[in-house]
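Report on the structure given below.
No lab work stands behind these numbers, since they all come straight from the coordinates. As the structure is a prediction and not an experimental result, all values here were calculated from the model. Note: ideal-geometry Cβ built from the backbone for every residue, glycine included; neighbour counts use all protein chains shown.
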Amino acid sequence: MSDRLKVTPDHFLPCLDLVSRCDMVLSFGGDGTLLSTANRVRHNQTPILGVNLGGLGYLAEITLDSLYPRVEELLSGAYRIEDRMVLSCQVENSTDLYYALNDVVLDKGAFPRVIRIRTTIGGRYLNTYTSDGLIVATPTGSTAYSLSAGGPIVEPALNALIVNPISPHTLADRPMIIGADREIEALVEGGHSSIILSTDGQIHRNLSVGDRVLIQKADYIVKLVLFKDKDFYDVLREKLNWGSDQSHTPRS
């Protein structure tokens, strides 16, 4: 790449130095690339514009075909910035702190047995889930893994979190929407040696029985660049193919 751009290594900056000097970051790829970019930008809160090169792409705002006219709009100021909530996650007795724009997931991994996760919200016991795992998602992440696991779609601007068990052993265990000011504690009460904690599918850590995971709203936000002629509901209709079947006409 440096050969193509005709630049030398002294023209490059470390990532954190680069984002702190930028007015905006463009992320070329799919949602995974944008999630990785958000993690790198982190507390700098530099606005991110996603350019979708992949398939579904909920988070990427534009396609490569529309890049040049959209850049003209950027230069003219015809865009808006939307703040998105971020989760912070820490395993008790560990100094490592992880962040997630979409979700924090406790998963049984490749082992074909359920695990037990004792869950409290705001210090009050909620439930012990016997399931394949547990998802804690932001409104941004409501259209990601949580949706695949039967969770609700939540408007990104809402100040809320989704607590969603993965394939629970009993149908009584349902997804919940709670206030974003609550701390969630997930204690691994039973399982095996291959339980995995992941944040945004980017960072993975092994868990053991007895590990306690603390999840709460982070102390910073991610800023996404959006355009004024497009909103959340337009994206839902496009990505989920809503309203396209004209055969469903009202009965007389």
### Task
Sort I195, I177 so that the residue with the fewest other Cβ atoms within 10 Å of its own Cβ comes first and the one with the most comes last.
I177, I195
### Task
Determine the gain in length on full extension of the stretch L64-R124; use 0.36 nm per residue of separation and subtract their C-alpha separation, reporting nm with one decimal.
16.8 nm
#### Entry: GNM top mover of G151, G179, G123 - the chain, alpha-carbon springs below 10 Å
G123
### Query
With the Cα gyration tensor of region 160-240 giving a ≥ b ≥ c as the square roots of its eigenvalues, does the rule (a/c under 1.5 for rounded; else a/b larger than b/c for prolate; else oblate) give rounded, prolate or oblate?
prolate
### Query
Rounded, prolate or oblate: which fits region 12-101, taking a ≥ b ≥ c as square roots of the Cα gyration tensor eigenvalues, rounded meaning a/c under 1.5, else prolate when a/b beats b/c?
prolate
### Summary
Under a Gaussian network model of the chain whose springs join Cα atoms within less than 10 Å, the largest fluctuation of S148, S66, S167 belongs to S66
### Query
Could you give the angle, 0 to 90 degrees to the nearest 10, between helix 31-41's Cα long axis and the longest principal axis of the Cα atoms of the chain?
80 degrees
### Message
Let me make sure I get this right: for region 86-219, a, b and c are the square roots of the gyration tensor eigenvalues over alpha carbons, sorted descending. Under 1.5 in a/c it's rounded, otherwise prolate if a/b > b/c, else oblate. Which is it?
### Response
rounded
### Relative packing of peptides 137-143, 71-77 - highest average C-beta neighbours within 10 Å first
137-143, 71-77
### Query
Where does region 41-165 land on Rg(C-alpha)/(2.2 N^0.38 Å)?
1.30
### Query
Between S193 and R21, what is the spin-label point distance in nm, taking each point 7 Å from the Cα along the Cα→C-beta axis?
4.8 nm
### Query
At q = 0.17 Å⁻¹, what log₁₀ I(q)/I(0) does a Debye calculation on the Cα points of the chain give, no solvent, two decimals?
-1.28
### Task
Please get the size of the charge dipole for the chain, origin at its Cα centre, with Cβ charges of +1 on Lys and Arg and -1 on Asp and Glu, quoted in debye to the nearest 20.
400 debye
### Query
Taking springs between alpha-carbon atoms closer than 10 angstrom, which of F12, F28, F111 fluctuates most in the Gaussian network model of the chain?
F12
### Message
Calculate the FRET efficiency for L214 and L53 from the Cβ-Cβ distance with a Förster distance of 41 Å, rounded to the nearest 0.05.
### Response
0.70
### Message
Given the DSSP H assignment, sum -39500 (n - 2.57) over each helix run of at least 4 residues in the chain and divide by its residue total; what's the result at 222 nm in deg cm²/dmol, nearest 500?
### Response
-4500 deg cm²/dmol
